[in-house]
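For reference, the structure is listed below as structure tokens.
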Amino acid sequence: QIAKIKTHSYQISESIQILDRFTSTISAIFTHPTMVDRMAAMLNYFLKNLVGPNRKSFKVKNLNEFSFKPGEIVTDICKIYVNLKDCDTFLASVSRDGRSYSPDLFIQASEVLLKIGQSGLVSDLKIVEEKVSLAAKSVKADEELFADAPDEYLDAIMSHLMSDPVRLPNSGQIVDRPTIARHLLSDQNDTFTRAPLAMEQVEPLDDLKKAIQAWMEEKRRQAN
């Protein structure tokens, strides 16, 4: 059991370090619509558990024995946020994560960084904090503005306003392309009929996409 814990701790630390290296040079793959929500939720979850108010319950006795170095993990996670600070889709995804994100998350992280001697990261993380806060306000404003979207503009799985609607070949259901792409990462079947499904089979609905965009633009025009 101890060997398994050591292996798991090492894998978490190594995975975060790899993400730090990759996001510092190649960010597009991690901020793609099919990945960005999962990426943001994962980072928020780990950071909340490491620096949030319940972090004491996450402590591990004999840290060295289990190769668990929370200070290093916090540092590497914060570096990833900083690496992606100019990606609007990532910032919006961070702010939309209702499970782990809160306005205090980066303040708590900065306090930990100062305690472990990583003050150089604090100013960059402050920029992330401010940008995510602005993104959260923008997301909330859009949610309120588009709350009365017609049913035919809503994703059949997640019920949100679609940005890139596609029709599933077997069920005929209309969903957002990022939604079905994320679903297919873990389950290669139509979620409605369980028939085998690949992204190459979905039918783009360009006319519907243009109609949604025109409706959104009109709503914004009316709001201004």
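The values are calculated or read from the model by the stated rules, or taken from the named source; none is laboratory data. From a predicted model like this one, the values you see are computed outputs, not experimental measurements. Here Cβ is always computed from backbone atoms with ideal geometry, including for glycine, and neighbour counts include all displayed protein chains. Surface areas here come from the heavy atoms of the whole protein model, side chains and all, with no ligands, DNA or RNA. Shrake-Rupley method; radii C 1.70, N 1.55, O 1.52, S 1.80 Å.
Some observations on this one:
- Residue within segment 82-102 that is of a type in the set (Asp, Glu) and open to solvent by less than 30 Å² (accessible area, probe 1.4 Å) present: yes
- Enumeration of residues in segment 179-224 that are among the charged types (D, E, K, R) and not in a helix (DSSP H, G or I): Asp187, Asp190, Arg194, Glu203
Each row is one residue, and each column tells you yes or no for (1) farther than 27 Å from Asp86 by Cα; (2) among the β-branched types (Val, Ile, Thr); (3) surrounded by fewer than 16 Cβ atoms within 10 Å (Cβ to Cβ).
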| residue | (1), (2), (3) |
| --- | --- |
| Gln173 | yes, no, no |
| Ile180 | no, yes, no |
| Leu197 | yes, no, no |
| Glu200 | yes, no, yes |
| Leu205 | yes, no, no |
| Glu218 | yes, no, yes |
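- The single condition from (1) without any contact (Cβ under 8 Å) to a residue 40 or more places away in the chain; (2) over 20 Å from Ala41 (Cβ atoms) that His183 fails is (2).
- Looking only at residues of segment 150-163 that are aliphatic (A, V, I, L, M) and not in a loop (DSSP other than H, G, I, E, B), we find that the one that is nearest to Ile174 (Cα to Cα) is Leu154.
- If the condition is being surrounded by 18 or more Cβ atoms within 10 Å (Cβ to Cβ) and charged (D, E, K, R), then segment 182-195 contributes Arg182, Asp190.
- Pairs where the first residue, in segment 33-49, is in contact (Cβ under 8 Å) with a residue 40 or more places away in the chain and aliphatic (A, V, I, L, M) and the second is open to solvent by 30 Å² or more (accessible area, probe 1.4 Å) and in a helix (DSSP H, G or I), C-beta under 6 Å, 6+ apart: Val36/Thr89
- Some residue of segment 171-178 being without any contact (Cβ under 8 Å) to a residue 60 or more places away in the chain, in a helix (DSSP H, G or I) and not polar (S, T, N, Q): no
- Test for Ala147: is it in a helix (DSSP H, G or I), modelled with pLDDT of 95 or more, open to solvent by 40 Å² or more (accessible area, probe 1.4 Å) and out of contact with any strand residue (DSSP E or B) (no Cβ under 7 Å at 6 or more places or on another chain): no
- Entry remark, segment 207-216: residues being small (Gly, Ala, Ser) and exposed (fewer than 12 other Cβ atoms within 10 Å of the Cβ) number 1 in total.
Here's the yes/no breakdown for (1) open to solvent by 40 Å² or more (accessible area, probe 1.4 Å); (2) of a type outside the set (Phe, Trp, Tyr); (3) touching a residue at least 12 places away in the same chain (Cβ under 8 Å); (4) on the phi > 0 side of the Ramachandran plot:
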| site | (1), (2), (3), (4) |
| --- | --- |
| Phe106 | no, no, yes, no |
| Ala109 | no, yes, yes, no |
| Ile116 | yes, yes, yes, no |
| Lys131 | yes, yes, yes, no |
| Val139 | no, yes, yes, no |
| Asp142 | yes, yes, no, no |
| Asp151 | yes, yes, no, no |
| Ile157 | yes, yes, yes, no |
| Asp164 | no, yes, yes, no |
